[in-house]
Amino acid sequence: MEDGFEPLIDDGFAGDAAKRCLSYIQSQREKGKHIVGIYCGYAPMEVIRAAGLVPAVLCAFADKTIAAGETTLPANLCPLIKSSYGFIKTDTCPFYAISEAVIAETTCDGKKKMFEFIADIKPTHVMDLPQLPDQKEALDNWTKMIKKLGGFLENTFDCKITNAGVAQEIKNTNLKNKLLNVIFDFAALPSVPLTWQEIYDLTYFGQVATTEDMLPILETALATLRKRVADGVSHGKKDSPRVLVTGCPIGGDATKVLKVIEEAGGVIVCLDSCSGMKAYAGHFEENASDPYQSVSRRYLDVPCSCMTPNAKRLTELDRMMNKFRPDVVIDVVLHACHSYNIESSKVKTHVETKHKKPFLKIETDYSQGDVEQIRTRVEAVLETVSKK
Ligand code: SF4
Ligand code: SF4
């Protein structure tokens, strides 16, 4: 914990987002709730929650299970997929173990084909995600897929999902997102009163916890942040280069990049990925005549590189850059993630020409072997914007 920092979430799990989530999920299971595993930012949480279910995030970020994953999957596959599958193969993933069914979306090829293996182990419902989000058929097709998911959940868990229930969950999500964005706003201040780890702890937990359970945590975090500002407590130095990190979802062993950025003197002010703030952008239409369509519309707005064209990624990047005012943008691309890798070139051009800011792409995996190489490159780019 940073000097002078009271914990933002004072529950004994500071800095260990996965353990916090697991503890929460286990407590919900003990209360009799059913758990459903999810793999993606497109999982329609409002329908999952309207079914009374608790989501468990199954994406893994640990190098230790990659070798096991590679006994079935090719080595030249994204580490997120290999790590996630390696946990399942070695039967060591507590999140997968506690999940009674899995919801999967056809995003990238690697995930899609991995789902075929896990479907042999647990009931797995694959949703056909439209990948041309701007075509008029996309909204209808994705709405149908979300309704079909509702049917799968009702049959599997013997529950009933009502339109009113989905509409209520839409309101709950909007409230949670609103409060989280008020917290993110603190990272836009000239002196940043919170760390990337604290942002990450909140964004990770926000995916599994209900709004009701998050509210007291968010209110306490807000009070703590206001006190830090009043006391003049901040993270990093006033002249530290501000860094926006975009790209693939990262966590666990991949947070080596975030640690290196801060060790090199940068302050991370924005995490623009599905493991960061991306999941909490946007707004669900409330009181829509068809709440499923409202859910569908919002998720189709998620700017993942599996979409084509993915113009919303640049629009969202503009919004984030205008708000958090980074000095540098660092794009983290996991090895063999072709869609984010290809898209990186567009992001670079956009950042350098429209925003006139330096851009650095880091391709990496979950091993620690490239940390010093990453450090050299990060130090070099931060040097170009050094305010000293
Ligand atoms: S980056 Fe794309 S595929 Fe990965 S979790 Fe986010 S939306 Fe899903
Ligand atoms: S990081 Fe890329 S390749 Fe890996 S699961 Fe996500 S979209 Fe697929």
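The values are calculated or read from the model by the stated rules, or taken from the named source; none is laboratory data. Remember, predicted model here, so these are calculated numbers, not experimental data. All Cβ positions, glycine included, derive from the backbone under ideal geometry; neighbour counts span all protein chains shown.
Before we move on, is LEU53 under 18 Å from VAL102 (Cβ atoms), touching a Phe, Trp or Tyr at 6+ places or on another chain (Cβ under 8 Å) and within 12 Å of ligand 1 (Cβ to nearest atom)? Judged against the criteria, LEU53 is not a match. Of all residues in the range 151-175, exactly one satisfies the criterion of being more than 15 Å from ALA288 (Cβ to Cβ), of a type in the set (D, E, K, R) and part of a helix (DSSP H, G or I), namely GLU154.
Residues are listed down the side, and each one gets a yes or a no for (1) at pLDDT below 95; (2) under 13 Å from MET214 (Cβ atoms); (3) under 17 Å from the mean Cα position of the chain (by Cα):
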position: GLY165; (1), (2), (3): no, no, no
position: GLN168; (1), (2), (3): no, no, no
position: THR173; (1), (2), (3): no, yes, yes
position: ALA188; (1), (2), (3): no, no, no
position: ILE199; (1), (2), (3): no, no, yes
position: THR203; (1), (2), (3): no, yes, yes
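The set of residues in the range 305-349 being among the aromatic types (Phe, Trp, Tyr) and within 16 Å of ligand 1 (Cβ to nearest atom) consists of TYR340 alone. Applying the criterion of being hydrophobic (A, V, I, L, M, F, W, C) and more than 21 Å from the chain's Cα centre (by Cα) to the residues of the range 124-140, the residue that is nearest to ALA311 (Cα to Cα) is LEU132.
Let's see how each residue does on (1) touching a Gly at 6+ places or on another chain (Cβ under 6 Å); (2) within 25 Å of TYR280 (Cβ to Cβ):
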position	(1), (2)
PRO7	no, yes
GLY15	no, yes
SER27	no, yes
PHE61	yes, yes
ALA67	no, no
THR71	no, no
PHE95	no, yes
GLU100	no, no
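Residue-wise test of (1) buried (at least 18 other Cβ atoms within 10 Å of the Cβ); (2) of a type in the set (Ser, Thr, Tyr); (3) free of Cβ contacts under 8 Å to residues at least 12 places away in the same chain; (4) within 16 Å of ligand 2 (Cβ to nearest atom).
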{"site": "MET321", "(1), (2), (3), (4)": "yes, no, no, no"}
{"site": "VAL328", "(1), (2), (3), (4)": "yes, no, no, no"}
{"site": "GLU343", "(1), (2), (3), (4)": "yes, no, no, yes"}
{"site": "VAL347", "(1), (2), (3), (4)": "yes, no, no, yes"}
{"site": "LYS354", "(1), (2), (3), (4)": "no, no, no, no"}
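Among the numbered conditions (1) in contact with a Pro (Cβ under 9 Å, 6 or more places away or on another chain); (2) modelled with pLDDT under 95, the only one that ALA101 does not meet is (2). Taken as a whole, the structure places LEU258 among residues that are out of contact with any Ser or Thr (no Cβ under 9 Å at 6 or more places or on another chain) and under 19 Å from ASP201 (Cβ atoms). Does GLY52 satisfy being more than 19 Å from the chain's Cα centre (by Cα), surrounded by 24 or more Cβ atoms within 10 Å (Cβ to Cβ) and not aromatic (Phe, Trp, Tyr)? Spelling it out, it is not the case that GLY52 is more than 19 Å from the chain's Cα centre (by Cα), surrounded by 24 or more Cβ atoms within 10 Å (Cβ to Cβ) and not aromatic (Phe, Trp, Tyr). When the range 272-284 is limited to residues that are out of contact with any Lys or Arg (no Cβ under 7 Å at 6 or more places or on another chain) and away from ligand 2 (no atom under 16 Å from the Cβ), the one that is nearest to ASN163 (Cα to Cα) turns out to be HIS283. So, SER27, is that one within 19 Å of LYS112 (Cβ to Cβ), part of a helix (DSSP H, G or I), among the polar types (S, T, N, Q) and modelled with pLDDT of 95 or more or not? No, not satisfied. Is it true that some residue in the range 57-76 is among the hydroxyl-bearing types (Ser, Thr, Tyr), assigned to a loop (DSSP other than H, G, I, E, B) and either surrounded by 20 or more Cβ atoms within 10 Å (Cβ to Cβ) or under 20 Å from the mean Cα position of the chain (by Cα) (or both)? No, because not a single residue in the range 57-76 is among the hydroxyl-bearing types (Ser, Thr, Tyr), assigned to a loop (DSSP other than H, G, I, E, B) and either surrounded by 20 or more Cβ atoms within 10 Å (Cβ to Cβ) or under 20 Å from the mean Cα position of the chain (by Cα) (or both).
Consider the range 102-123 and keep the residues that are away from ligand 1 (no atom under 13 Å from the Cβ) and surrounded by fewer than 18 Cβ atoms within 10 Å (Cβ to Cβ). The one that is nearest to PRO291 (Cα to Cα) is PRO123. Residues of the range 232-282 being acidic (Asp, Glu) and either at pLDDT 95 or above or within 16 Å of the chain's Cα centre (by Cα) (or both), which ones? Of everything in the range 232-282, those that are acidic (Asp, Glu) and either at pLDDT 95 or above or within 16 Å of the chain's Cα centre (by Cα) (or both) turn out to be ASP253, GLU262, GLU263, ASP272. Taken as a whole, the range 248-266 holds at least one residue that is among the small types (Gly, Ala, Ser), away from ligand 2 (no atom under 16 Å from the Cβ) and crowded, with 23+ Cβ neighbours inside 10 Å. Residues in the range 107-139 that are away from ligand 2 (no atom under 16 Å from the Cβ) and in a helix (DSSP H, G or I) were compared, and the one that is modelled with the lowest pLDDT is LYS136. If you check SER289, SER294 for being part of a loop (DSSP other than H, G, I, E, B), under 23 Å from ASN174 (Cα atoms) and more than 16 Å from ligand 2 (Cβ to nearest atom), only one passes: SER289. Against the numbered list (1) in contact with a Leu (Cβ under 9 Å, 6 or more places away or on another chain); (2) of a type outside the set (A, V, I, L, M, F, W, C); (3) not in a helix (DSSP H, G or I), LYS82 comes up short only at (3).
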